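Shown next, in structure tokens, is the structure this report addresses.
The values are calculated or read from the model by the stated rules, or taken from the named source; none is laboratory data. None of the values given here were measured: they were computed from a predicted structure. Backbone-built Cβ (ideal geometry, glycine too); neighbour counts: all protein chains shown.
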Amino acid sequence: MQRTDSARVALITGGRGFIGTHLAVGLARQGFHVVAADRIAWLDDRVESARLDVTSYAECLDLVRAVQPHVVFHLAAFSTVDAAFSDPHASLATNVGGTMNMLEAARSVRGLGRFVLASTDKVYGELVGDAYVETSRLDARGVYDVGKMAADNLVRLYSEEFGLPVAILRLCNVFGPGDPNTASRIVPRTLSRIFDAAGPLPPVIYEGSMAHGRDYVYVTDVVRALTTVAFDPRACGEGFNMVPAAHRTTLDLVAEMIDQSGKACELHDRDWADAIRKNGYEVVPGTGLPSALERQHCDARKLGALGFSTQVTMTEGLRRTIGSFLRRRLVGRRTR
């Protein structure tokens, strides 16, 4: 690819992840020269691929110096609570050490416009009151949550101590097509069972998590929010809660996906649609991981003050996501 105006160069760590791929394509469509850095190579001629292990400071420094980005989107992380719990050392080395490496490397860039961290609402810990605000105490628990809280603190440290131009976006639960985390995240996990190739299986819900409340947002709105905090001068040095599309309990969300999936299947396979409804969902003992939070909800008026609002409703986002699972099943059925 021909490198053009340096002000249009964006480096994305974790560029092959769920959010990273959507962000990379979105920025490329806007005319940015996008470098997607990950342990896995990128296979899209719109995006330049670079291999990177963020736990290696030498690799981070070499890449940043070679790319000379105007903006760094730091998304590289152990991206699920389950994965972090299963390998706490590797998770913390990536989520904490990797952030520190990229921050230090970013200091070597002349004219860096913004270092954007994709953080999480889990940094706040258990919700006390009606909603988290950006000034709420960071009180994370659990391997994933604490690692992201440490990264959040490091970014603010580099802003306040070293004058690095940063912005932090604390995401809620992100969903949409292409999320590979079917073993852990509630939306792809539920839909992977409903659209299992061998026939619909009932979604599984932990008994103790049925009333857990979470904010949800569609992935393309996350891309828009990341670019907003990356390029709006008012966002420099600030942290923002993500504007959610909706708030749902686990039970209500699973019930909504069952209902929408059944309706989506009606025109293509009535038997499948009937089986989805008949299966319902399966409740199993437990609450998931011991550090699972019961309630999470963000006050996102600060991001709204920048003129940001979501464009995709919860219903529409689920329709698009269910459609992607349905299309995959229909294509698989035709190729068998």
State whether the residues of the stretch 308-318 include one that is assigned to a helix (DSSP H, G or I) and more than 21 Å from Ile205 (Cβ to Cβ). yes
Taking the condition of being under 22 Å from Ala90 (Cα atoms), among the hydroxyl-bearing types (Ser, Thr, Tyr) and touching a Gly at 6+ places or on another chain (Cβ under 9 Å), how many residues in the stretch 106-158 meet it? 1
Name the residues in the stretch 157-172 that are assigned to a loop (DSSP other than H, G, I, E, B) and closer than 20 Å to Val243 by Cβ, would you? Cys172
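Considering only the stretch 6-30, state which residues are under 19 Å from Ser184 (Cα atoms) and in contact (Cβ under 8 Å) with a residue 60 or more places away in the chain. Full working, then the answer.
So the first thing to find is which residues in the stretch 6-30 are under 19 Å from Ser184 (Cα atoms), and the list is 14, 16-20.
Matches in the stretch 6-30: Gly14, Gly17, Phe18, Ile19.
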Cβ pairs under 6 Å, 6+ apart, first in the stretch 120-146 and within 14 Å of Leu289 (Cα to Cα) and at pLDDT 95 or above, second hydroxyl-bearing (Ser, Thr, Tyr) and surrounded by 17 or more Cβ atoms within 10 Å (Cβ to Cβ): Val143/Ser91
Of everything in the stretch 265-300 that's among the aliphatic types (A, V, I, L, M) and over 12 Å from His212 (Cβ atoms), which residue is modelled with the lowest pLDDT? Leu267
Unmet criterion (only one of (1) in a helix (DSSP H, G or I); (2) over 15 Å from the mean Cα position of the chain (by Cα)) for Asp221: (2)
Which numbered condition trips up Ile276, out of (1) farther than 15 Å from Leu318 by Cβ; (2) in contact (Cβ under 8 Å) with a residue 60 or more places away in the chain? (1)
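With the structure loaded, tell me whether Thr227 is modelled with pLDDT of 95 or more, out of contact with any Gly (no Cβ under 7 Å at 6 or more places or on another chain), within 21 Å of Gln296 (Cα to Cα) and in a helix (DSSP H, G or I) or whether it fails that test. Can you show your working first?
Details: modelled with pLDDT of 95 or more: yes; out of contact with any Gly (no Cβ under 7 Å at 6 or more places or on another chain): yes; within 21 Å of Gln296 (Cα to Cα): no; in a helix (DSSP H, G or I): yes.
So Thr227 does not fit the description; no.
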Condition set surrounded by fewer than 17 Cβ atoms within 10 Å (Cβ to Cβ) and within 13 Å of the chain's Cα centre (by Cα), scope the stretch 141-183, selection nearest to Ala76 (Cα to Cα): answer is Pro180
I'd like the residue in the stretch 71-93 that is of a type outside the set (Gly, Ala, Ser) and over 23 Å from Arg170 (Cβ atoms) and, out of all such residues, is surrounded by the fewest Cβ atoms within 10 Å (Cβ to Cβ). His89
Can you pull out the residues in the stretch 288-310 that are within 17 Å of the chain's Cα centre (by Cα) and of a type in the set (S, T, N, Q)? Gln296, Thr310
